[in-house]
Amino acid sequence: MNHWNLYWNNENTLNSFAEGDQSTGYTGEIANFWSNAFSHLSDDASILDVATGNGALAVLAKKYSPSFRVTAIDAANINPHAIINNSNENYQWLKDITFKGNVRAEELPFEENSFNVVVSQFGFEYAEPGAALTHIHRVLQTNGEFVALIHHNTSFISADCRLGIDVLQDILVESELFDLLEAYCEASATLQSEKTYENEQHFQTLNKSLLALFKKMQFECQSEQQLDWYNETFKRLVPLIMDWQTLSLDKVKCIKNDLASHKLRLQDQVDAYWSEQQANDFIARFQSQWLSMALEQLTCNEGILCWVLRARK
């Protein structure tokens, strides 16, 4: 959980897509889906957003109807009001949302019949489904609905996550990239303290080795998506090499730790996604406890986006 705590408290993003175009809020198919879901609610509906992160779905709800009463919880130690200030375009919506961090979906601290609807965007699947569903059923009002978008094992999002894990594994573990970076950092410090011909040659050799390794990794990419993952990382590393006078081991280790944390988050997502068998098993196990329950695929131009779970109390 610590890698999620660090992420939510250090990234000025509403969701776990900090590197993508959805970091400031959901758009496209996802936004359209939720707008349709919210259209069936009364203007003053009480909404609980489960596994909210920094509030992307909660913000979407407030944008749809400012009079919605929105509470948002997450198992991580979130505090969006402290992270996202009034200069952010979403602050006007965030400030009216009640956020509760360190709250697990399996232990919702709310009274029975508290909410008209419970929603979750790529979050419910991280919880233990039986315990979480029991609590969601308890806090929903009669005829209330639970709606969740859930990661699908064959979605293009999941495929990209698996690719990202492989790339980060290569960068962090299998290649000599960070060993070279640390040696380069030490050589730059030595050169600045003692500018000799030998030190200059050693420094230049490491510089060339690093740039050659970058090019090799890029050349060996087998898809544009894989190249994007490498380039996203190199974007952070190349400035360190160019600005070698201010380079330090602390800066190198900070980026290495960030990448390792990113890999853990991607692995959590891959571990959480549902296969068709898991989806069918879920329906068979829990459908009888609800007035109605359905699970279907949501698709877009890129292919399968996710599962859609709807359950009415």
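Brief remarks on what is shown
- Averaging the sequence gap over all C-alpha pairs within less than 8 Å and six or more residues apart, then dividing by the number of residues, gives the chain a relative contact order of 17 percent.
- Square roots of five times the Cα gyration tensor eigenvalues for the chain, Å: 44, 21, 16
- Estimated [θ] at 222 nm from DSSP helical runs (n ≥ 4, -39500 (n - 2.57)) normalised by residues in the chain, nearest 500: -16000 deg cm²/dmol
- The share of accessible area on the chain that comes from carbon and sulfur is 46 percent, using a 1.4 angstrom probe.
- For the stretch 111-186, diffusion coefficient by Stokes-Einstein and Kirkwood Rh (Cα), 25 °C, 0.890 mPa s, µm²/s: 154
- Proportion of all alpha-carbon pairs of the stretch 198-277 beyond 18 Å (%): 58
- Under 18 Å between alpha carbons - lysine pairs in the chain that sit 8 or more apart or on different chains: 12
- Remark: spin-label model distance Q192-S42 equals 6.5 nm, labels positioned 7 Å along the Cα→Cβ axis.
- Mean separation of Cα contacts under 8 Å, 6 or more apart, over the residue count of the stretch 108-219: relative contact order %: 21
- Amide H partners (placed H, <5 Å) of S46, local residues excluded: R69, N116, V117
- For the chain, the solvent-accessible area works out to 49 Å² per residue, with a probe of 1.4 Å and every protein chain left in place.
- Here, the stretch 34-101 has an Rg and a Dmax of 11.4, 32 Å when only alpha carbons are counted.
- Summary of the geometry: the stretch 172-213 and the stretch 22-75, compared by the centres of their Cα atoms, lie 49 Å apart.
- Principal semi-axes in Å for the stretch 64-154 [√(5λ), Cα gyration tensor, largest first]: 23, 16, 14
- At q = 0.25, 0.28 Å⁻¹, base-10 log of I(q)/I(0) for the stretch 110-149 (Debye sum, equal scatterers on each alpha carbon): -0.82, -0.98
The values are calculated or read from the model by the stated rules, or taken from the named source; none is laboratory data. A quick note: this is a predicted structure, and the numbers were derived from the prediction, not measured. As a convention, Cβ positions derive from the backbone with ideal geometry for all residues, glycine included, and neighbour counts pool all protein chains shown. What goes into the accessible areas is simple: the full protein's heavy atoms, side chains included, and nothing from ligands, DNA or RNA. Shrake-Rupley method; radii C 1.70, N 1.55, O 1.52, S 1.80 Å.
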